[in-house]
Amino acid sequence: MNTTKKTRQYVYWITLFFITLSGFAQMPIFKRYYIADIPGLGWLAQFYVTHIIHYIAAIVLIAFVIYVFFDFIFRGAGLNRVTGFGFFKIAILAGLIVTGVLMVVKNLPNIYFGHTAVIVLDLSHLSFCMILLFVSLYSVIRKKRWVG
Amino acid sequence: MTSKLSRRAFLKGSITAAGSVVATSGIARAAKSITHTNKEPLATLLDISKCIGCEECVFACREANADKYPEPAKPFPKMYPNRVPVQDWSDKRDVIDRLTPYNWLFIQHASATVNGEQIDLTIPRRCMHCENPPCVKLCPWGSAKQEENGLSRIDPDLCLGGSKCKKACPWDIPERQTGVGLYLDLLPGLAGNGTMYKCDRCYNRLEKGEVPACIEACPEDVQTIGPRSEILKKAHALARQMNGYIYGEHENGGTNTIYVSPVPFEELNKSIETGKGKPHLNKVKNMMADGTNLAKAMIVAPIAGLAAAFGKFYLSSKEDK
Ligand code: SF4
Ligand code: SF4
Ligand code: SF4
């Protein structure tokens, strides 16, 4: 049981790490600030590479989140065990995934989203990401848990 | 060469006359076809064999879009770190032999041998208006936009000048001008670097039911605009007729700019000058294809997650029994 929990935690953190890194790489900043000059990190300035990594990390994250959710349901664990903090993180994750999926759809050929819709999606996706990062940091420092 | 020159000189003289003929026939027809209401994207056909390199289109573009050109305030704010390049074209507005923020269309020169005879060809070059434009789809702010009629453009009020669109574009089309745009109001020293510019296919003229300026100005009727399927049909008919070649139909997964040439594009590509602001004529693979394929794979993700959870539950319930 404990090992599954550990594995889960590792999968979650590794995915979060790569999805955030490749996500920030969607903005042209890593080259400007020499980060892509660090040996082994040159790929961070290659937009098509980071785009693909972001998509792959998203696939893993979505599969993982759905797995954890249904595992929770199937085990008959009551939703009342989820802490307020947990609910907050779930909401942010959901927002991140929904806006992300919509952006994937937007990027398909022959799909037109309105200009404003695209801007709202871009900014809300980035905002959800920033909130999740801060909340995750806070939860690590204050040892806040998803379930009580 | 001489015959071409004299032909060009002759045509220079008769541009106004030719223009008025065009205005009543080709352009009127084109204008009609662009006001169509169905959602099919518009494409342009460029018959390279007709182009005489007079640059009327280039000047028409500059005139029609002059009020969109950047007017940067100087001195530019200092940008950090030092490696961030200042790109300033505001004192070189006269440059017309390449793409710049002040020149969205230029004429490329090529020579080739057809049936043992050497001919010179001139090719109008600008943004290809890709069907699935990476410049638009990968712009992190939604500053680069695609419209339903198939054109793509960069919003000068939103662009931060990070030049990602240029890096994503297989032809390196967008060009940057430092010292203008939204970044000046944010953190000009630390983020952004001006605004990117490129052909916007005269979106504002199209909105009014007018054809793009370069199409209207051409004395040789080099360009035609219309629904993509019709343009493709015309392009193939033309290519058959001249025993020619097509560029832009499949490049980068398909573009809304279809060139027809009597000479293979590989040959033209060897002959043209390429480099900064001077796009190539290489074959281009679909840059967004990997993303599109992964997007399809994404549908499997929730199913896989659910299956894994159910599998685990099933196994543990069997163990319990
Ligand atoms: S040619 Fe380049 S700038 Fe033009 S639509 Fe395609 S990717 Fe964008
Ligand atoms: S379509 Fe308009 S913006 Fe584009 S090259 Fe022609 S005149 Fe210039
Ligand atoms: S496209 Fe037309 S206007 Fe432009 S250079 Fe060729 S002939 Fe002249």
Please enumerate the residues belonging to the range B:210-226 that are more than 7 Å from ligand 3 (Cβ to nearest atom), open to solvent by 10 Å² or more (accessible area, probe 1.4 Å) and either farther than 19 Å from residue B:124 by Cβ or part of a helix (DSSP H, G or I) (or both). B:216
Scan the range A:65-78 and give yes if some residue there is more than 10 Å from chain B (Cβ to nearest Cβ) and either of a type in the set (Val, Ile, Thr) or touching a residue at least 24 places away in the same chain (Cβ under 8 Å) (or both), otherwise no. yes
Test result for residue A:136, open to solvent by less than 30 Å² (accessible area, probe 1.4 Å) and in contact (Cβ under 8 Å) with a residue 12 or more places away in the chain: yes
Pair list, Cβ under 6 Å, 6 or more apart: the range B:218-229 residue under 20 Å from residue B:39 (Cβ atoms) and away from ligand 1 (no atom under 16 Å from the Cβ), other residue assigned to a loop (DSSP other than H, G, I, E, B) and open to solvent by 10 Å² or more (accessible area, probe 1.4 Å): B:227/B:40
Please work out if residue B:295 is within 14 Å of another protein chain (Cβ to nearest Cβ), within 23 Å of residue A:110 (Cβ to Cβ), surrounded by 17 or more Cβ atoms within 10 Å (Cβ to Cβ) and over 21 Å from the mean Cα position of the chain (by Cα). yes
Scan the range B:116-128 and tell me whether some residue there is open to solvent by 30 Å² or more (accessible area, probe 1.4 Å) and within 14 Å of ligand 2 (Cβ to nearest atom). no
If you check every pair at least six apart or on different chains, which have Cβ atoms under 6 Å apart with a residue in the range A:113-129 that is at the interface with another protein chain (Cβ under 9 Å from one of its Cβ atoms) first and a residue that is open to solvent by 60 Å² or more (accessible area, probe 1.4 Å) and not in a helix (DSSP H, G or I) second? A:122/B:141
Odd one out for residue B:182 among (1) over 19 Å from residue B:39 (Cα atoms); (2) within 16 Å of ligand 1 (Cβ to nearest atom); (3) surrounded by fewer than 24 Cβ atoms within 10 Å (Cβ to Cβ): (2)
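The values are calculated or read from the model by the stated rules, or taken from the named source; none is laboratory data. Predicted model only: the values in this text are computed from it and were never measured. Using ideal geometry, Cβ is built from the backbone for each residue, glycine included, and neighbour counts are taken over all protein chains shown. To get the accessible areas, we keep the full protein, side chains included, count just its heavy atoms, and leave off ligands, DNA and RNA. Shrake-Rupley method; radii C 1.70, N 1.55, O 1.52, S 1.80 Å.
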